[in-house]
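The values are calculated or read from the model by the stated rules, or taken from the named source; none is laboratory data. Keep in mind that this is a model prediction, so the values were computed, not measured. No Cβ is skipped: glycine too gets one built from the backbone with ideal geometry, and neighbour counts run over all protein chains shown. Accessible surface areas use protein heavy atoms only, side chains included; no ligands, DNA or RNA. Shrake-Rupley method; radii C 1.70, N 1.55, O 1.52, S 1.80 Å.
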Amino acid sequence: MKIALIGYGKMGKMIEQIALSRGHEIVSIIDINNQQDFESEAFASADVAIEFTSPTAAYGNYLKAFAKDVKVVSGSTGWMKEHGDDVRRLCGEEGKTLFWASNFSVGVAVFSAVNKFLAKIMNRFPDYEPTMEEVHHIHKLDHPSGTAITLAEQVVEEIDRINEWTVGEVHNPDGTVTGSRDNDATQLRIDSYREGEVPGIHTIRYDSEADEITITHNAHNRRGFALGAVLAAEYTAAHNGLLTISDMFNFE
């Protein structure tokens with residue numbers, strides 16, 4: 001399979017290594033300094049482009065890839081609120097293909113299934129208050145993380161007494177703390193921490209006067225994310241439309 005890489009940071013380089021080890025060909029690498037390569041024959045020849053950039057660049061990258069009829073796999077977060085409707089239209093009405101996930105880790109896919117099942121159970125026990133916490137490296141710009149939002153939306157969907165998620169405390173890399181833990185009982189609070197080079201830790205707690213139930217996913221490194229992105233590219237090459245992890249991994 002011919003793969004283009006959009007974004008060539010730590011994640012892009014790891015994706016390159018894994019893609020090559022699985023017998024794929026990297027035909028184009030686009031980073032901030034060679035945006036003109038979106039117009040190249042090499043990029044247009046790709047079966048799939050794998051995109052890991054920033055919240056501000058992702059949507060524009062999708063449009064440039066779609067203009068060349070290149071399918072996209074993306075792990076960039078922070079763009080959905082502003083551009084989600086247009087991307088859904090492009091994939092639903094104009095035949096474009098985007099596989100988007102806030103997290104490509106196989107372990108997170110399993111964790112997500114556990115989270116949804118646990119929330120369904122906890123809907124029956126109103127004495128337990130759910131909260132969430134996510135920890136990431138200091139280079140991550142958005143908060144809460146896309147993965148945390150995805151997990152939170154699962155909880156909101158399953159628990160009748162929770163109407164929405166809300167931003168809680170944000171512990172910034174410089175040691176300052178913004179936000180608050182003073183949330184309404186109908187809101188699921190997400191606290192965020194930016195520390196060192198942490199690949200990603202996501203925790204969901206159900207706390208009561210009697211006890212606490214906690215589930216956590218702790219990524220040891222970025223390799224699980226990179227492998228998942230390549231697996232998603234392999235899946236996307238044979239499928240069309242707006243695709244998600246639940247399409248590739250069905251745990252029902």
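In summary, helices (runs of 4 or more DSSP H) completely within the range 1-106 and bearing 1 or more residues that are polar (S, T, N, Q) occur at 10-21, 58-67.
Of the residues making up the range 47-64, those that are touching a residue at least 60 places away in the same chain (Cβ under 8 Å) and crowded, with 23+ Cβ neighbours inside 10 Å are VAL48, ILE50, PHE52.
Return yes when THR150 is touching a residue at least 24 places away in the same chain (Cβ under 8 Å) and either buried (at least 22 other Cβ atoms within 10 Å of the Cβ) or assigned to a strand (DSSP E or B) (or both) and no when it is not. Spelling it out, it is not the case that THR150 is touching a residue at least 24 places away in the same chain (Cβ under 8 Å) and either buried (at least 22 other Cβ atoms within 10 Å of the Cβ) or assigned to a strand (DSSP E or B) (or both). When the range 107-141 is limited to residues that are open to solvent by 40 Å² or more (accessible area, probe 1.4 Å) and not in a loop (DSSP other than H, G, I, E, B), the one that is nearest to ASP207 (Cα to Cα) turns out to be GLU129. For VAL72, the test of being open to solvent by less than 20 Å² (accessible area, probe 1.4 Å), at pLDDT 95 or above, aliphatic (A, V, I, L, M) and over 30 Å from ASP160 (Cα atoms) is passed.
Within the range 200-230, the set of residues being surrounded by fewer than 17 Cβ atoms within 10 Å (Cβ to Cβ), in contact (Cβ under 8 Å) with a residue 60 or more places away in the chain and farther than 22 Å from HIS139 by Cα comprises ARG205, ASP207, SER208, GLU209, ALA210, ILE213, ILE215. Looking only at the range 1-46, which residues are in contact with a Leu (Cβ under 7 Å, 6 or more places away or on another chain), open to solvent by 30 Å² or more (accessible area, probe 1.4 Å) and either small (Gly, Ala, Ser) or closer than 20 Å to ALA238 by Cβ (or both)? ILE26 - this is the single residue of the range 1-46 that is in contact with a Leu (Cβ under 7 Å, 6 or more places away or on another chain), open to solvent by 30 Å² or more (accessible area, probe 1.4 Å) and either small (Gly, Ala, Ser) or closer than 20 Å to ALA238 by Cβ (or both).
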